[in-house]
Amino acid sequence: MRRSSLCFRLSIFAIFLIFITIGIDTAVAYKLKKSNLEDEVSSKLLAIVNSVAPFIDGDLLPLIQPNEDGTFTGKDAFEKIHGQLLRAKKSNTLNGQQSPLYIMRKCADYSTTGQLEFVVTTDSGGDHVFYIGRKYPETQHLKEAIHGIPSSTPLYEDHLGSWISAATPIFDSNQNIVGVLQADQTAAFVLNKLREQTSYLLFGAFLAIITGIGLTLLFTQRLSSPIVSLTQTINKFAQGDLSARASLKRNDEIGILGNCFNQMADQIREDQSDLETQRDELVIAKDIAESANTAKSEFLATMSHEIRTPINGIIGFTDIILQSDLNKDQRECAETIGNSSRELLDVVNNILNFSKIDAGKINLRNEKFDLRVMVEQIFKPHLSNAQAKGIETIFRLPPDTPVEMIGDETQLKVILNNLLDNAIKFTNSGYILLEIENGELFEKSGSVSSALQFTISDTGEGIPEDKANVIFECFSQIDSSFSRKHGGTGLGLAICKKLISIMGGVVDFKSQVGLGSTFWFSIPTGSGLSALPPASFQKKPSCVLIIDPCAPFRENVHEQLNYWKISSLEADSPEDALRLLAQNASRPIDTVLLNVPKDKTTLKEIVHNIRQTSQIPLKIILTGNKQKRIKPSSLSEYNVDHFMLKPILYFQDLAELFEQTANNKEEVKQEVNLNSSPPKQTESYPNKAHVLLVEDNPINRKLASIQLKKLDCQIDIACNGIEAIEKAEQALYDIILMDCQMPEMDGFEATKRIRAMANDYSEVPIVAVTANTLPEDKEKCFKCGMDDFISKPLKPNDLADSLKKWVAKESLEKSYFQEEISLPQTYHPINEEAISRGHYITRARQIRRRRNQGRTIQ
């Protein structure tokens, strides 16, 4: 059907055109025939009346008059005229048919009525009828005839039927018009003649239609047959038969089309042959590229280890040098070396992070973590740089925002670290504000997920409009000249955008040159997370006066106080604060949060003026960064109650300060902010802990040995995994510090073999010491049997914390008999510093049991 559809459609269309054309021609011919026939009959009737009229005696018409009894006089005159009509009628026929003749005369009142009356008539049978008093109004042809002009009509209708008529005047001997002679022919005569002629016309149209349909079918068949053949050839070609060719021996357009198809098919076959060759080459190139990419990844991993190892050594030994007695110049040089090394390490880490993202080797983890702890961890390394430039750092977490999040904490730290680093780098004065608040809901895979929005605002240089569209591109910088003020690789924002995209979020920014920038990103998070409940106060301040030049800090504290239903007032300077105290003398302002001024010498005067202006005793809490810190011994000197370290990450600490000041307690909480996480145990490091240090790099071995000796540990050293196994067979150690990448045998394999020993090494803590800090690296360490993780560069505090965590003061054997406890659902050993070594060994035992049973421990 599809192949013949073209022929069918062409045939139907052509037949339709034939019917329309012949129908129109037939209708036009019929109308012309009818008009011609009417003209012919009218002309003949007019000829008849004109030939008969001279034989009618017009002087006899006035003699015929009606009587009152219905008779008439002038019968002789009537008979004579009737005879004249009969004789004239017999000699005048119309196509073999006699035409009736009528004589009408003027009425006596013709001049007023314009009507005529029948007097004498003949019918087609020769009979006569006398109408007396039957009057008729003039028609156009009668009117013309009574005025002396012979006239005829086309076919018309009256109350007697349909007619064609002709009329001529009748004159008396004085040449006066006394009547009219009319000849009629019925419409039936005309229509019969018309039907006779139309039948011939329709027969001719029928023959024309049949002939046209036959010719159309023949033509369309001849036209569509080569098209169908060409279509079949194209279908074969489309189905993969590249040898299919059109065989059309025609010189018309269809033949040209077939030849063009054949040429196209030949070209396609040649191109496909070339494409197959190129595809084979691309497959080979793809294999080479994949091999090269694998080699690149391996090279980057090796390079990262080789580069970071000496950098870690530089950083570690710099820290050791800084712990010794140095003069001012020496300390400045050592600090410069350390800072430069850390900057170089950051550059290497950025390049490696970007390479992993670019290679698609980022596997996101979904874990629950505390947002405040995360912010504390990322703020710490940036605070010194910010405070050195005099920049205020503020963290805002609205009270209705969840304090926990489900997601990949490590990757989120990478994003925030890059954004904070940029904010500090491009800001010379003012503040940096990190805000975390509820974002718009995300719709993913048909389900709706809640979201958090992270915003980093600064008062820095801003971003020019012409650079706004490239800042998220790789290796792009606002100022790419050799004389640029700020360094960096230009990868930070590119890494941020890619990671946010992988997390399913969105990122954007707004900026104005000279006024600062605001970067924000929103990512989906777990549902069902709740915010912190309101703090409970046994006694809380009535009203708090916040004195700080930084508006965002004041607004942040005001928002939190309002959530606790504590009224507050804000002042941007001590002078403004004194004005508010004076204006609100009747208001019970009983607590003041006072920012320590740059010039501490004015602090005493400021405090004195505040207390003098207030009508009631005040509790004054100082706020400031580490450079403005007030020692506990100096609080009484300045006549203040407490000192709170900025930035405020835990508002619960502020609530505790309010509680203390309200109860007039003497306790002083100096660093309630960055150092306000659960306090570390005051337990000293374990004396004479027997440590096996497994490290292949001589610099790292020397660095770790020096740090362990300072911790009063007994040290044995192994340079690779094989030596570690041999050492473990010879002695039982309290703890093993295991490097991961080593020649001959790496730390993972060595750990597995040590765990498989028959002695008590199934329970001895093994701590990974490596520069690879990604989540998958940690997971790999835990899966092979390691208990904890320390990242390089190795820091004395981290090493000491690990020894406190895993090595107890009591003997190793004694700790084995401690009662086992239940393992929490999520195990984070690095955050549980206050638990004894026996506790941790019990946890490690449980972890290994679960791993051996094939259960996943996060």
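To the nearest 10, the accessible area of ASP458 is 20 Å² with a 1.4 Å probe.
Are any of the pairs LYS727/LYS752; LYS709/LYS804; LYS727/LYS804; LYS710/LYS795; LYS540/LYS619 more than 21 Å apart by Cα-Cα distance, and if so, which? Please report the intermediate quantities before stating the final value.
Details: LYS727/LYS752 15 Å; LYS709/LYS804 15 Å; LYS727/LYS804 23 Å; LYS710/LYS795 12 Å; LYS540/LYS619 12 Å.
Table pairs above 21 Å Cα-Cα are LYS727/LYS804.
For ASP287 and ARG245, the FRET efficiency from 1/(1 + (r/R0)^6), where r spans their Cβ atoms and R0 equals 35 Å, is about 0.40. A 1.4 Å probe over all protein chains sorts ARG331, ARG87, ARG554 by accessible area into ARG87, ARG331, ARG554, starting with the largest. The portion of the accessible surface of region 560-640 made up by carbon and sulfur, rounded to a whole percent, is 46 (1.4 Å probe; DNA, RNA and ligands excluded). If the cut-off is a Cα-Cα distance under 16 Å, which aspartates and glutamates reach LYS135, setting aside same-chain residues fewer than 8 apart in sequence? Of all the aspartates and glutamates, those that pass the test against LYS135 - Cα under 16 Å, at least 8 places apart if same chain - are ASP109, GLU117, ASP158. Remark: accessible surface ordering of LYS89, LYS106, LYS328, LYS631 (largest first) is LYS328, LYS631, LYS106, LYS89, probe radius 1.4 Å.
Just subtract the alpha-carbon distance of SER111 and LEU218 from 0.36 nm times their residue separation and send over the number in nm, one decimal.
Details: separation 107, 0.36 × 107 = 38.52 nm, distance 7.31 nm.
Going from the current span to full extension adds 31.2 nm.
Distant-in-sequence amide contacts of CYS550, defined by a placed amide H-H separation under 5 Å and a gap of 5 or more residues or a different chain, comprise nothing. Residues whose amide H comes within less than 5 Å of that of PHE643, counting only those at least five positions distant or on another chain, are LEU622, LYS669 (H built at 1.01 Å from N in the peptide plane). Take region 566-668 with all the other protein chains still there, run a 1.4 Å probe, and you get 47 Å² of accessible area per residue. Of the peptides 342-348, 270-276, 517-523, the ranking by mean beta-carbon count within 10 Å, highest at the top, reads 517-523, 342-348, 270-276. Would you mind checking region 565-585 for residues with the amide N under 18 Å from a putative spin-label position 7 Å along Cα→C-beta of GLU605? What the label zone holds, given the 18 Å backbone N cut-off, is 573-579. Mind scanning LYS498/LYS792; LYS413/LYS783; LYS286/LYS792; LYS380/LYS498 and naming the pairs with a C-alpha gap bigger than 30 Å? From LYS498/LYS792; LYS413/LYS783; LYS286/LYS792; LYS380/LYS498, over 30 Å: LYS286/LYS792. In plain terms, the chain from CYS260 to VAL513 could stretch by 84.8 nm, reckoned as 0.36 nm per residue minus the Cα-Cα distance.
For region 591-633, rounded, prolate or oblate, judged on the Cα gyration tensor with a ≥ b ≥ c (square roots of eigenvalues), a/c < 1.5 rounded, else prolate if a/b > b/c? Kindly include the intermediate steps, with their values, before the conclusion.
Details: a/c = 2.33, a/b = 1.70, b/c = 1.37.
Cα axes put region 591-633 in the prolate bin.
Accessible surface for TYR563 stands near 80 Å², nearest 10, in the context of the full protein assembly shown (1.4 Å probe). For region 552-624 and region 689-752, what is the separation of their Cα centres, given in Å? That distance is 56 Å. In order along region 780-791, the phi-based Karplus estimate (6.51 cos²θ - 1.76 cosθ + 1.60, θ = phi - 60°) of 3J(HN,Hα) comes to 4, 5, 5, 5, 7, x, 6, 9, 8, 9, 10, 8 Hz; Gly and Pro are listed as x.
Residues in region 735-741 carry Karplus couplings, in order, of 7, 10, 9, 10, 6, 9, 9 Hz; the curve used is 6.51 cos²θ - 1.76 cosθ + 1.60 with θ = phi - 60°, and Gly or Pro positions show x.
Projected label points at ALA585 and SER536, each 7 Å from Cα along the beta carbon direction, are separated by 4.1 nanometres.
Residues ARG308, ARG587, ordered by accessible area of protein heavy atoms at a 1.4 angstrom probe radius and largest first, appear as ARG587, ARG308.
Here the gap between GLU306 and GLN652, fully extended at 0.36 nm per residue and compared with their Cα-Cα distance, gives a gain of 120.1 nm.
Taking a probe of 1.4 angstrom, what is the accessible area of CYS719 in Å², to the nearest 10? Approximately 40 Å² of CYS719 is accessible to the 1.4 Å probe. The amide H of ALA246, built 1.01 Å from its N in the peptide plane, has ASN262 as neighbours under 5 Å, considering only residues 5 or more places off or on other chains. For region 634-639, 3J(HN,Hα) computed residue by residue from phi via the Karplus equation (6.51, -1.76, 1.60; θ = phi - 60°) reads 9, 4, 5, 4, 8, 6 Hz, glycine and proline entered as x.
The values are calculated or read from the model by the stated rules, or taken from the named source; none is laboratory data. In this text the structure is predicted, and so the values were computed from the model without any measurement. Heads up, the Cβs are rebuilt from the backbone with ideal geometry, glycines too, and the neighbour counts pull from every protein chain shown. What goes into the accessible areas is simple: the full protein's heavy atoms, side chains included, and nothing from ligands, DNA or RNA. Shrake-Rupley method; radii C 1.70, N 1.55, O 1.52, S 1.80 Å.
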